Amino acid sequence: MTTFRALRVFDDSGLASARIVEMGLDELEDDAVLVKGAYSGLNYKDALSIAGRGKIIRKFPLVPGCDYAGTVVRSRDQHFKEGDAIVLTGFEFGGSHNGGFAGYACVPADWLVKLPTGLSPFDAMTLGTAGYTAALAVHLLQQNGVTPDKGRIAVNGATGGTASIGINMLSTLGYRVVAITGKKATAETYLRALGAAEVLERAECPAPRRPLESPLWAGALDSVGGDGLAYLIATMQRYGVIASFGNTGGNDLKTSVLPFILRGVRLVGTNANSPPEERALVWERLASDLKPPKLTEIATTIALDDLPGAVERMLAGHIRGRMVVRLE
Ligand SMILES: NC(=O)c1ccc[n+]([C@@H]2O[C@H](COP(=O)([O-])OP(=O)(O)OC[C@H]3O[C@@H](n4cnc5c(N)ncnc54)[C@H](OP(=O)(O)O)[C@@H]3O)[C@@H](O)[C@H]2O)c1
């Protein structure tokens, strides 16, 4: 009987507790496609799951981790066969369905995308939900007419996994990117190496005092929400577009209707659990024109046993780039 190592979260008398265990295939779901994992990746929401915060895990015991790349071992679905390289990001994976911090996963076929030529499983997990979300955000800016000649693009929460990848993608496409970070003193060199043309300290971009401040940005990627997003809305140029995907700075948004009705600012919601056609399209772009050239610089490879320490650092805001988890 095949057994494999997994990081699993248990409900210990009301307290979520994560530990490495040996699992059997019979402890996984009986879904259409069985996948042997090569790599997973650590996202902010996975860190919350492992720390027992954020109510992300809705069933115990459960393997957390919302990202996975590996090879199909067996399939009852006609779209996938043994040996196919696949990538999975999001949906219920690691929430109410066993997720990615395990040697195997058994999942519904419609959560999977065939790995496009040009991306290895390691590349795919350096990208992961973060890379997919960054690519979708850039794709949405482009669909809404933001071209490099329109002006500067602000990216906040800049050292985060999603934002780091977004900066590298945008600068490669020829946009002038301004990174907004809470750690300018230690991260400026890193952010410039990714392609940021300017780096601002978060304190320089405070909650706006007026509904409309000086117009600064043609586009923005918002990973912060809260005051960070309120600042962006008030400082967008006419017809500026913000792709909003994150809430590390809070869920509440204090803003005004004026930037929308006087400047035509557009706030575009960006959700990584997008429909299959959009996912296939964006993953193809991730393997081609949106593939960030600095992928290797963004990645730090860790083992399953290193996850608890990485989680602590992530929740304390000390992570830079992406943590890729080796499963083999
Ligand atoms: N909509 C979706 O489908 C989707 C998909 C993926 C991620 N997300 C969300 O996007 C956000 C970023 O995810 P991630 O995985 O990239 O996270 P991450 O790697 O942990 O990065 C988060 C970054 O946010 C900044 N930050 C942390 N606390 C902050 C605070 N109190 N105020 C302002 N900035 C703060 C920090 O960057 P600096 O120190 O450089 O400012 C930090 O590095 C999360 O909220 C996540 O849930 C959403």
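The values are calculated or read from the model by the stated rules, or taken from the named source; none is laboratory data. Here the structure is a predicted model, which means the values were calculated and not measured. Heads up, the Cβs are rebuilt from the backbone with ideal geometry, glycines too, and the neighbour counts pull from every protein chain shown. These accessible areas exclude ligands, DNA and RNA; they are computed on the full protein's heavy atoms, side chains included. Shrake-Rupley method; radii C 1.70, N 1.55, O 1.52, S 1.80 Å.
Residues considered: T159, T126, T147. Of these, the only one that is touching a Lys or Arg at 6+ places or on another chain (Cβ under 6 Å) and farther than 20 Å from V224 by Cβ is T126.
Among the residues of the range 163-186, those identified as farther than 16 Å from A134 by Cα and either aromatic (F, W, Y) or within 10 Å of the ligand (Cβ to nearest atom) (or both) are T181, G182, K183, K184, T186.
Look at G264 and say whether it is exposed (fewer than 15 other Cβ atoms within 10 Å of the Cβ) and in contact with a Gly (Cβ under 9 Å, 6 or more places away or on another chain). Against the criterion (exposed (fewer than 15 other Cβ atoms within 10 Å of the Cβ) and in contact with a Gly (Cβ under 9 Å, 6 or more places away or on another chain)), G264 qualifies. Scanning the range 201-230 for residues that are closer than 24 Å to G321 by Cβ and surrounded by fewer than 18 Cβ atoms within 10 Å (Cβ to Cβ) yields E201, A203, E204.
Here's the yes/no breakdown for (1) of a type in the set (A, V, I, L, M); (2) within 15 Å of the ligand (Cβ to nearest atom):
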site: T117; (1), (2): no, no
site: M125; (1), (2): yes, yes
site: N144; (1), (2): no, no
site: R152; (1), (2): no, no
site: N156; (1), (2): no, yes
site: G161; (1), (2): no, yes
site: E188; (1), (2): no, yes
site: A196; (1), (2): yes, yes
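Please state which one of K45, K36, K59 is open to solvent by 20 Å² or more (accessible area, probe 1.4 Å) and closer than 20 Å to G131 by Cβ. Selected residue: K45, the only one of K45, K36, K59 that is open to solvent by 20 Å² or more (accessible area, probe 1.4 Å) and closer than 20 Å to G131 by Cβ.
Residues checked against (1) free of Cβ contacts under 8 Å to residues at least 24 places away in the same chain; (2) within 14 Å of the ligand (Cβ to nearest atom); (3) closer than 19 Å to Q142 by Cα; (4) not in a strand (DSSP E or B):
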residue	(1), (2), (3), (4)
L232	no, yes, yes, yes
Y239	no, no, yes, no
I242	no, yes, yes, no
T255	no, no, no, yes
N273	no, yes, no, yes
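Residues considered: V113, V87. Of these, the only one that is surrounded by 24 or more Cβ atoms within 10 Å (Cβ to Cβ), in contact (Cβ under 8 Å) with a residue 60 or more places away in the chain and part of a strand (DSSP E or B) is V87. Scanning the range 32-57 for residues that are outside any loop (DSSP other than H, G, I, E, B) and among the polar types (S, T, N, Q), we see that the one that is modelled with the lowest pLDDT is S49. When you check G95 against the structure, is it open to solvent by 10 Å² or more (accessible area, probe 1.4 Å), out of contact with any Asp or Glu (no Cβ under 9 Å at 6 or more places or on another chain), under 23 Å from R322 (Cβ atoms) and not in a helix (DSSP H, G or I), yes or no? Taking the combined requirement at face value, the residue does not satisfy it.
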